[in-house]
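Below you'll find the structure, written out as structure tokens, and then a few comments.
The values are calculated or read from the model by the stated rules, or taken from the named source; none is laboratory data. Nothing here was measured: the structure is a model prediction, and the numbers come from that model. Here the Cβ positions follow ideal geometry from the backbone for every residue, glycine too, while neighbour counts run over all protein chains shown. Each accessible area value is taken on the protein alone, full model and side chains, heavy atoms only, with ligands, DNA and RNA left out. Shrake-Rupley method; radii C 1.70, N 1.55, O 1.52, S 1.80 Å.
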Amino acid sequence: MDLIYLDHNATTPVDPEVADIYAEHLRKSFGNASSVHAFGREARVVLENARDSIARFINCQPAELYFTSGGTESDNISIIGAARQLKTRRNHIVVAATEHHAVLEPAEHLHEREGFDFDIVPVDEQGYVPADELRNLVNDRTAIVSIMHANNETGVIQDIKTLAGIAHEKGALFHTDAVQSVGKIPVDVKDLDVDMLTLTAHKIYGPKGIGGLYVRQGIKITPLFFGGSHEKKRRPGTENVAGAAAFARTLEIAGERMETDHGQISELADYFIHEIDRRLQDVRLNSPRENRIPQTVNYSFGHTEGEALILSLDLEGIAASSGSACTSGATEPSHVLSAMNIPREYALGAVRFSLGRSTTREQLDRVLDVLPGIVERLRSMSPAVNRPGSPS
Ligand SMILES: *Cc1c(COP(=O)(O)O)cnc(C)c1O
């Protein structure tokens, strides 16, 4: 049985060309980029070329781009670093209800352990942050606002420029987690008007463990790590030169393929959505039909459990993911779907299918062939169902 991978928002396979560049630099450019000798200088050139290339990709200066280990770290540095830096004048943080845990948890930590005030902006039923809601929360004590560009669970794309403008009116910094948008849709830090932006390689066919953080020139943040002068002391630690080179190539390829990939994946996703709607009843599309990163198709299958669906799909060789989390024995719906006010019986039955470059129509057809049977079986097993047409 050929396995079908529909979990590209969790991570992607490494592009073969990127893997070659990664391996080549692991062998060749092993020098410490801070060393003054020839080995170090060679590594430094590779690192700075990668920085130039990635900076160009997001339209910033190379000096504004810092290498990190990935999205989680960049989110943490942004939220914690900016908050601590500004604390004496501004001790308030605002994040959206649908943020990744790598944003939510540092904000909660700062609130619980370091005395920051913390507000969560609600979203509407489509997952958008309404500008008015944000305007109501941001004040002249707000240090940082963080709202993600494209959501990892639903794919919804926020109007970052408008939201950043609201933060700036009050003198607050604005950070966006662009992990799911970089390489899939155009991301231009000037155009988005953000002060900080998080990116990572492994969601876009690059290796794991390498990411970046854009920090607008002139903005000061308190580092989380100490112990060296790498990355201008903002992120000390011997640089991952091979990872940086691979990341740069990852984005170059993403840029070259962006239009083709976007078109092809949109078409497949639209077909998949159309067919699910046609073949199954009591379902609900949680992703917006328009204005989303097209690879993300999040569906609720009413009166089922997402985790059970994922396991049944896995038995058929199909990899997808559910947003729900199993905490202390009980399944809880995803915080993203809960924030969108999706009724609990639907939020619990959510599955995220995330398509990629290698996804084919034949693969989707196989999913569509097995899905109705799986859903039907789970519904007939579920004790608490009270669905239309079922004997109560
Ligand atoms: C995957 C993901 C992250 C975490 O990135 P890592 O590089 O895995 O640490 C952060 N934010 C979003 C939106 C993600 O999808």
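Using only Cα atoms, locate the centre of the stretch 273-291 and the centre of the stretch 53-131, then give the distance between them in Å, rounded to an integer.
32
Helix-derived [θ] at 222 nm for the chain: sum -39500 (n - 2.57) over DSSP H runs of at least 4, divide by residue count, nearest 500?
Mean residue ellipticity at 222 nm (helix-derived): -13500 deg cm²/dmol.
In Å, the Kirkwood hydrodynamic radius of the chain over pairs of distinct alpha carbons?
Evaluated over the chain, this radius sits at 22.0 Å.
When only alpha-carbon atoms are used, what values of Rg and Dmax, in angstrom, describe the stretch 133-288?
For the stretch 133-288, the Cα-based Rg and Dmax read 18.6, 59 Å.
Check the straight Cα-Cα distances from K232 and name the lysines below 16 Å, setting aside those fewer than 8 residues away within the same chain.
Leaving aside lysines fewer than 8 places away in the same chain, those within reach of K232 are K220.
To the nearest 0.05, what FRET efficiency results for H37 and M381 with a Förster distance of 56 Å applied to their C-beta separation?
The formula returns an efficiency of 0.25 here.
Given the Cα-Cα distance of E125 and E290 and 0.36 nm per residue of separation, how much length would full extension add, in nm?
Here the answer is 58.0 nm.
Once fully extended, how much extra length lies between H262 and R279, figured as 0.36 nm per residue of separation less the alpha-carbon to alpha-carbon distance?
Answer, rounded to one decimal: 3.6 nm.
For the chain, with a Gaussian network of springs between Cα atoms less than 10 Å apart, report the residue from F272, F39, F116 with the top mean-square fluctuation.
Taking springs between Cα atoms under 10 Å, the residue moving most is F39.
Mind giving me the FRET efficiency for E24 and S358? R0 is 25 Å, r the Cβ-Cβ distance, nearest 0.05 is fine.
It comes out at approximately 0.60.
Counting other Cβ atoms within 10 Å of each Cβ, which GluC sites (Glu not before Pro) in the stretch 14-123 have at most 10 and sit in a DSSP loop?
Sparse-neighbourhood loop GluC sites (Glu not before Pro): none present.
Relative to the longest principal axis of the C-alpha atoms of the chain, give the angle of the C-alpha long axis of helix 38-58, reported between 0 and 90° and rounded to the nearest 10°.
Long axis of 38-58 versus the principal axis of the chain: about 50 degrees.
Taking square-rooted eigenvalues a ≥ b ≥ c of the alpha carbon gyration tensor, is the stretch 1-94 rounded, prolate or oblate, where a/c under 1.5 means rounded and, failing that, a/b exceeding b/c means prolate?
oblate
Which one, S321, S146, S35, has the greatest fluctuation when you compute a Gaussian network model over the chain with C-alpha springs under 10 angstrom?
Result: S35 has the largest fluctuation of those listed.
Could you sort R279, R234, R377 by their accessible area in this structure, using a 1.4 Å probe and putting the largest first?
R377, R279, R234
Evaluate E = 1/(1 + (r/R0)^6) for D369 and E105, where r is the Cβ-Cβ distance and R0 equals 41 Å; express this FRET efficiency to the nearest 0.05.
Computed FRET efficiency for D369 and E105 comes out at 0.55.
Against the longest principal axis of the chain, how steep is helix 361-381, in degrees 0 to 90 to the nearest 10, with axes from Cα atoms?
60
For the pair E169 and K233, how long in nm is the line joining their label points, each one 7 Å along Cα→Cβ?
Distance between the two pseudo-spin positions: 3.7 nm.
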